[in-house]
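The values are calculated or read from the model by the stated rules, or taken from the named source; none is laboratory data. What you see is a predicted model, and the numbers here were worked out from it, not measured in a lab. With ideal geometry, Cβ positions are generated from the backbone for all residues, glycine too; neighbour counts draw on all protein chains shown. Quick note on the areas: whole protein, heavy atoms, side chains included, nothing else; ligands and nucleic acids left out. Shrake-Rupley method; radii C 1.70, N 1.55, O 1.52, S 1.80 Å.
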Protein chains: 4
Amino acid sequence: MTERHDRRQALVHAAFSAIAESGFEGFRLRPIAAAAGIDHSTLHHYFRTKADLIAAVLEHVTSQFEATMHTDLDPATRLRQHLREIATAVTQRPELFIVLDELDLRARRDGSTGADIERDEQGWRDALTAIFTEGVARHVWSTDLDVAASVELVIATVKGIRLRPDRAESVVNQLCDLFSPERPHA
Amino acid sequence: MTERHDRRQALVHAAFSAIAESGFEGFRLRPIAAAAGIDHSTLHHYFRTKADLIAAVLEHVTSQFEATMHTDLDPATRLRQHLREIATAVTQRPELFIVLDELDLRARRDGSTGADIERDEQGWRDALTAIFTEGVARHVWSTDLDVAASVELVIATVKGIRLRPDRAESVVNQLCDLFSPERPHA
Amino acid sequence: MTERHDRRQALVHAAFSAIAESGFEGFRLRPIAAAAGIDHSTLHHYFRTKADLIAAVLEHVTSQFEATMHTDLDPATRLRQHLREIATAVTQRPELFIVLDELDLRARRDGSTGADIERDEQGWRDALTAIFTEGVARHVWSTDLDVAASVELVIATVKGIRLRPDRAESVVNQLCDLFSPERPHA
Amino acid sequence: MTERHDRRQALVHAAFSAIAESGFEGFRLRPIAAAAGIDHSTLHHYFRTKADLIAAVLEHVTSQFEATMHTDLDPATRLRQHLREIATAVTQRPELFIVLDELDLRARRDGSTGADIERDEQGWRDALTAIFTEGVARHVWSTDLDVAASVELVIATVKGIRLRPDRAESVVNQLCDLFSPERPHA
DNA sequence: TATGAATGAGAATTCATTCAT
DNA sequence: AATGAATGAATTCTCATTCAT
């Protein structure tokens with residue numbers, strides 16, 4: 001049983017790496033099976049179709065993004081911390097975000113992929129909305145702040161740095177600074 | 001000669017549309033040739049290889065982004081206008097940005113695509129840098145503003161809305177508001 | 001032991017139905033095992049190979065045709081009754097005859113199937129020969145009657161209606177009428 | 001153009017022979033292509049799918065059965081001649097009838113095959129009906145004769161001898177004799 | 001007896017590309 | 001410039017069978 005799980009995991013990992021490296025364009029099953037050390041027909045024992053394997057990769061990826069949202073008192077700090085963690089992750093595990101980008105693009109054509117991704121994104125959106133809403137309520141941010149637009153801005157920005165680990169940190173810092181200008185002295 | 005040019009254009013357009021619709025994963029030459037009304041082997045008279053056709057699509061796409069930067073006096077207005085134009089384009093010609101996203105992802109694997117895209121992006125980066133630099137010089141923005149990070153933030157944000165035409169406008173507005181808070185009254 | 005027998009029977013029945021429905025062209029072991037509620041590899045405990053299972057189906061089919069020849073006095077009546085019974089069977093259990101037809105066709109390629117079927121057919125041929133021989137002896141039919149040819153005619157006709165339950169009855173009646181014209185009046 | 005036709009013909013012939021020899025159960029495209037001396041992928045240039053090739057085989061087979069019905073004066077002679085020609089064909093070109101039998105069996109599962117075969121059979125049925133009807137009108141046969149049943153009997157008998165070239169002649173003769181008893185001399 | 005894992009051979013089909021015409 | 005024929009390598013997926021448990 002655990003062996004079965006191991007093989008499956010090995011296949012998912014191999015598929016994940018392959019997508020990270022070559023995208024879906026060149027994504028073929030045989031090399032995946034080979035990387036896991038099994039015959040390519042055995043792969044179908046674990047994943048009936050290519051789509052099933054891709055679905056498993058998607059699940060693997062999204063499972064890595066389980067909410068790491070903190071519950072500090074200060075919403076501004078929470079936002080900053082959250083974005084810094086993302087920036088760190090982009091830097092340390094760039095493949096994760098590359099594959100996510102590939103999946104995002106693929107979601108447009110593949111309904112079920114789209115649904116899974118959308119569900120995941122909605123969870124994230126809700127968390128961000130909570131931060132901004134609380135921030136406005138506590139007068140951390142102006143009551144004029146367009147919460148929905150701010151949330152989408154954050155999301156867009158994060159998506160925009162997924163392929164740019166080198167710039168991730170400075171970009172999220174700059175975004176946080178715009179929301180909550182550091183008043184260093186005084 | 002002009003006929004030849006027309007045929008090439010027809011092929012490039014067909015390829016562009018196909019990529020916009022199905023991405024590179026499902027990008028096949030035969031349907032492209034069929035869409036242009038020619039035999040699939042004739043396509044090779046115009047583009048020796050598949051890669052050549054893709055390169056032509058890339059060129060077609062980037063040629064659509066020739067800098068439409070205005071030269072108003074006020075840098076803040078220039079920025080806002082520029083981003084609004086982008087948001088409008090994303091809304092009105094979403095395929096253009098979808099294909100750009102596909103190409104961006106592909107650039108990681110394909111050196112020459114990467115170079116072309118990078119060159120293009122650099123032009124854009126320079127223009128944005130000029131705006132922010134001037135804005136700081138003219139005290140539109142604080143001298144503390146991190147110009148480079150601001151430029152990357154703008155770029156990241158725009159990239160992040162490429163697949164979301166519906167949110168494009170509100171996101172860029174929100175970003176501009178953060179840079180230059182509208183102070184409506186007083 | 002009886003359990004084992006039951007399982008075997010279940011498998012044979014499932015195989016029989018599958019062949020009746022889709023012929024040998026689409027005959028696969030896995031669905032058979034599934035229909036019998038067992039794993040497809042367990043099937044090999046009961047039938048070592050696919051051919052073994054097919055042989056069992058053949059046996060099952062031929063066992064259904066144990067001579068039900070009557071021993072009335074009148075050969076003509078015997079013939080008519082025999083053919084009517086066949087026509088009824090074709091109507092009521094068409095799958096039996098469909099599978100028989102499939103097996104007949106297959107016999108050409110598969111030696112052992114051929115032998116089994118041939119043996120069965122010979123028994124039938126003998127019974128028919130007995131009827132016609134007796135009929136000629138008793139002057140039910142002309143002494144000019146070609147007994148062997150008549151037997152083959154009957155066999156051919158029956159084979160010819162195996163896929164046509166709807167016409168079975170009228171065809172066998174017509175054949176009997178030709179052999180023994182009903183002289184209803186006078 | 002004629003070359004193209006030749007290749008197609010060669011493929012159809014090779015397919016025909018393969019089916020005659022091994023039936024549909026073992027019918028694979030690669031050996032067909034090999035027999036025609038081409039790469040197996042080239043086969044798809046001529047027949048997009050396996051089903052297309054089978055359809056061409058079916059057409060080839062049915063085209064061999066274009067009505068060879070004579071227009072002698074005597075219906076009984078016409079019937080006898082017709083059946084003798086069939087018996088001769090079964091003897092001389094047994095594969096034709098074997099393949100026909102295979103197709104007949106296959107027709108049950110494959111709608112389009114079924115339609116084609118049915119259309120062909122209907123033509124034959126019409127011709128036979130004409131013979132019997134005329135025979136009854138001319139008092140060659142009793143007015144009591146069930147024309148429809150007689151037609152079906154002939155059809156069934158012919159189908160029943162398709163796999164038995166050796167018995168074909170004696171069976172059809174016997175059938176004719178039953179319809180029109182030879183009254184030798186006297 | 002029963003299973004699930006594994007295999008290897010092979011299935012139809014697709015695709016970019018080349019070549020002769 | 002244009003075509004259709006041809007290729008060969010590759011693709012996903014299937015299947016009967018075996019083996020260890």
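If you place +1 on the Cβ of every Lys and Arg and -1 on the Cβ of every Asp and Glu, how big does the dipole about the Cα centre of the protein assembly as shown come out, in debye to the nearest 20? All intermediate terms of the calculation are to be shown ahead of the outcome.
Working: 88 positive and 116 negative charges, 153 e Å.
The dipole of the protein assembly as shown has a size of about 740 debye.
Looking at chain D, what % of the alpha carbon pairs are farther apart than 26 Å? Mind dumping the intermediate values first?
On the way: 7034 of 17205 pairs.
Value for chain D: 41 percent of Cα pairs lie more than 26 Å apart.
At a probe size of 1.4 Å, how large is the accessible area of residue C:140, to the nearest 10 Å²?
Looks like 60 Å² after rounding.
Pop the C-beta distance of residue C:146 and residue C:22 into the FRET formula with R0 = 51 Å and round what comes out to the nearest 0.05. Write down the numbers at each step before the final one.
On the way: r = 40 Å, r/R0 = 0.79.
Efficiency computed from Cβ-Cβ geometry: 0.80.
Among the lysines, which fall within straight-line cross-link reach of residue C:159, defined as a Cα-Cα distance under 20 Å, with same-chain neighbours fewer than 8 residues apart omitted?
Qualifying lysines at Cα under 20 Å: D:159.
Which Cα, out of C:11, C:60, C:42, lies furthest along the positive dipole direction of region C:1-72 (beta carbon charges, K/R +1, D/E -1)?
My answer, from the dipole projection, is C:42.
Between copies, how far apart are the residue C:9 label points? List them in nm, one decimal, shortest first, with each point 7 Å from Cα toward Cβ, please?
So the distances to the same position in the other copies read 4.8, 5.8, 7.9 nm.
Just to verify a number: what accessible area does residue D:85 come out at with the full protein assembly present, 1.4 Å probe, Å² rounded to tens?
60 Å²
Would you compute, from DSSP H runs of 4+ residues alone, the mean residue ellipticity of chain A at 222 nm, taking -39500 (n - 2.57) per run and dividing by the full residue count, rounded to the nearest 500?
The per-residue figure over chain A is -24500 deg cm²/dmol.
Using the Cα gyration tensor of the protein assembly as shown, with a ≥ b ≥ c the square roots of its eigenvalues, what is the shape: rounded (a/c below 1.5), prolate (a/b larger than b/c) or oblate (neither)?
It comes out prolate by the Cα gyration axes.
If you keep only loop residues by DSSP, which trypsin sites (Lys or Arg not before Pro) in region B:87-143 have at most 14 other Cβ atoms within 10 Å of their Cβ? If you can, show how the numbers build up before the last one.
Values: sites: B:106, B:108, B:109, B:119, B:125, B:138; in loops: B:108, B:109, B:138.
For trypsin sites (Lys or Arg not before Pro) across region B:87-143 that sit outside H, G, I, E and B with at most 14 neighbouring Cβ atoms in 10 Å, the list reads B:109, B:138.
Have a look at region B:159-181 and report residues whose accessible surface goes down by 10 Å² or more when the remaining protein chains are included, against the chain on its own, probe 1.4 Å, ligands and DNA/RNA excluded.
B:159, B:160, B:163, B:164, B:167, B:170, B:171, B:174, B:175, B:178, B:179
Using a 10 Å cut-off on Cβ to Cβ distances, tally the other chain neighbours for every residue of C:17-23 and report the average as a whole number.
Mean shielding count: 2.
Note down the net charge around residue D:127, summing +1 for each Lys or Arg and -1 for each Asp or Glu among other residues with Cβ under 13 Å from its Cβ.
Its environment carries a net charge of -4.
Shortest first and in nm with one decimal, please list how far the residue D:181 label point sits from its counterparts in the other copies (point 7 Å along Cα→Cβ).
Counterpart label points of residue D:181 in the remaining copies fall at 0.7, 12.0, 12.3 nm.
Would you mind listing the distances between the residue D:81 label point and the same position in each other copy? Use 7 Å along Cα-to-C-beta, nm, one decimal, shortest first.
Here residue D:81 shows inter-copy label distances of 4.4, 9.7, 10.4 nm.
As a test question: what accessible area, to the nearest 10 Å², does residue C:170 have when a 1.4 Å probe is rolled over all protein chains in place?
50 Å²
Determine the order of C:66, A:102 by accessible area, beginning with the largest, at a probe radius of 1.4 Å.
C:66, A:102
With the cut-off at 1.5 for a/c, could you classify region D:98-186 from its C-alpha gyration tensor as rounded, prolate or oblate?
Oblate is the answer for region D:98-186, as a/c is 1.5 or above yet b/c matches or exceeds a/b.
If you rank A:50, A:159 by how much accessible surface each has, with a 1.4 Å probe, what is the order from largest down? Numbers along the way, then the final one.
Values: A:50 70, A:159 30 Å².
These residues rank, largest area first, as A:50, A:159.
Once you charge only the Cβ atoms, +1 for Lys and Arg and -1 for Asp and Glu, what is the size of the charge dipole of chain B about its Cα centre, to the nearest 20 debye?
Roughly 460 debye, rounded to the nearest 20.
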